[in-house]
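Following: one structure in C-alpha cells, then a few remarks.
Laboratory data are not the source of any read-out in this text; all were calculated from the coordinates shown. Since this is a predicted model, take the numbers as computed values, not measurements. When we count neighbours, we look across all protein chains shown, and the Cβ atoms used for this are built from the backbone with ideal geometry, even at glycine.
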Amino acid sequence: MADGSEVRKQIARRWERFADEATGRSPIYVEIARKVAATDSVLDFLAAMPEEKWQPNVLLGVVRYLFGTPPSGDEFVALIENQAQEIAETMAVRTTQTNEPARCATLLPILACLPQPLALLEVGAAAGLCLLPDYYRYEYGRHAVGPSAGAGVEPPVFSCRAGPGTPLPQAGVDVAWRAGLDLHPIDLGDGAETRWLEALVWPGEEYRLPRLRAAIGVARSRPPQLVKGDLRTDLRALASEAPSGATLVVFHTAVLAYVPDGAEREAFARTVSELGAVWVANESPRSIPGMAHLAGRHPDPAALILCVDGKPTAWTDGHGTWIDWKASQCE
C-alpha cells in the first residue's frame with residue numbers, strides 16, 4: 001500500500017493533468033488546480049478520502065455547489081481549510097455526473113448511420129439527457145439537423161464544429177426505445193439534483209448552462225427510463241427489455257474511468273459484444289480496453305476518442321463542441 005507521501009504525489013499529478021485539460025477553457029479552474037497540486041493541506045484532505053473522490057471535478061463541483069466559485073486559488077484553499085467538514089460530508093454523497101447533453105452532437109453522426117429505429121441504452125446515464133438525441137437541434141456550421149421528435153418545449157441547440165469527412169446526417173434519428181443505467185440516477189424533479197448538475201459546469205463555460213436547462217426541460221417533458229444499477233452486473237437485464245425490431249446501441253461518454261479495474265472494463269466490453277449490440281464508446285483512450293495504442297494522440301489533452309465496436313472512429317470534445325473524423329463507419 002502506498003504511503004502518505006506517495007498518495008499525495010498521485011493526487012497532485014491528477015490535479016496537474018486537470019489544469020492542463022482546463023487550459024483555454026476555465027482560467028480560474030487552472031489556477032485552483034495548480035494551487036491544490038502544490039498545497040499539502042488540501043492534498044492531505046483528499047488523501048483521507050476514497051480514491052474516487054480524488055477526481056478534481058468532485059471537489060470543484062462540491063465547492064461551487066455549496067459556496068459558489070472562489071475568485072482565486074488562495075481563497076479556494078482557505079475554504080477547504082475552514083469548511084472541511086461540510087465539504088467532506090457533501091463529497092461523500094456526490095459523484096461526478098457531468099450530464100452534458102451537447103455530447104449528442106458528436107454521437108449523432110454515428111447513430112444516424114445505423115439501421116433505424118434504435119434502442120438506446122446508456123450506461124452512466126445520470127439524468128438521461130444524452131438519451132434524448134431525437135429531441136434536440138444541431139448546427140454543424142451551416143448544416144442544421146432538426147429534432148425528429150417533439151417534446152412540446154423549446155429544444156436546446158447544440159453547435160458543433162465537424163471536421164472533414166464527418167458524415168453529417170440529413171435527418172435525426174428514430175428512437176423506438178431508450179433506457180439508462182446508473183449507480184445514482186438523477187431525479188430532475190429534485191431541485192438539489194439539478195443544482196448539482198449546474199454546479200458541475202465549469203466557470204468560464206457559462207454558455208453551457210442555457211442549453212443544459214433546455215435539455216432538462218425536454219427530459220422533464222419526455223422522461224427517459226432510468227434504472228439504478230451497475231454496468232458490470234446489471235447491463236444484461238436492462239438490455240433484455242429492448243424491442244427485437246430495433247438496433248440495440250449500448251453507449252457511454254466519460255464513464256469507464258470510474259471502472260478502475262482493467263479486467264472489469266474488458267468483461268463489460270465482452271458483455272456488450274455477447275448482447276449483439278452496437279457499442280459506442282466516447283472516452284479517454286486510456287479507458288477503453290486495447291485503445292491506448294490504437295488511437296494515437298490528439299493536440300487537445302482532454303480529447304475523447306469515439307469508438308464503434310472497438311474501432312477508433314473520431315476524436316471528440318467532451319463537451320460536444322467539435323468532432324474530428326478518423327475513419328468512416330457509415331459506408
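Straight-line cross-link partners of Lys311 among the lysines, defined as a Cα under 23 Å from its Cα and at least 8 positions apart when in the same chain: Lys326. Extension gain, Ala84 to Ala267: 0.36 nm times the residue separation minus the Cα-Cα distance gives 62.1 nm. Straight Cα distances below 12 angstrom link Lys9 to the aspartates and glutamates Asp40, Asp44, with same-chain residues fewer than 8 positions distant left out.
As a proxy for reagent exposure, ranking Glu75, Glu100, Glu122 by other Cβ atoms within 10 Å from fewest up yields Glu75, Glu100, Glu122. For the chain, a crude dipole built from +1 on the beta carbon of Lys and Arg and -1 on the beta carbon of Asp and Glu, taken about the Cα centre, is about 700 debye to the nearest 20.
For the range 1-75 versus the range 91-125, the spacing of their alpha-carbon centroids is 27 Å. Going through [x] 168; [y] 133; [z] 177, the figure that equals volume of the Cα convex hull per residue in Å³ as computed for the structure here is [y]. Simple spin-label estimate for Tyr258 and Arg17 gives 1.7 nm between the two label positions (7 Å along the Cα-to-Cβ direction from each Cα). In this structure, the amide hydrogen of Leu181, modeled 1.01 Å from its nitrogen in the peptide plane, lies closer than 5 angstrom to those of Glu122, Val123, Gly124, Ala125, Val227, counting only residues at least 5 positions away or on a different chain. Taking all Cα pairs closer than 8 Å and separated by 6 or more residues, the relative contact order of the range 101-325 comes to 25 percent.
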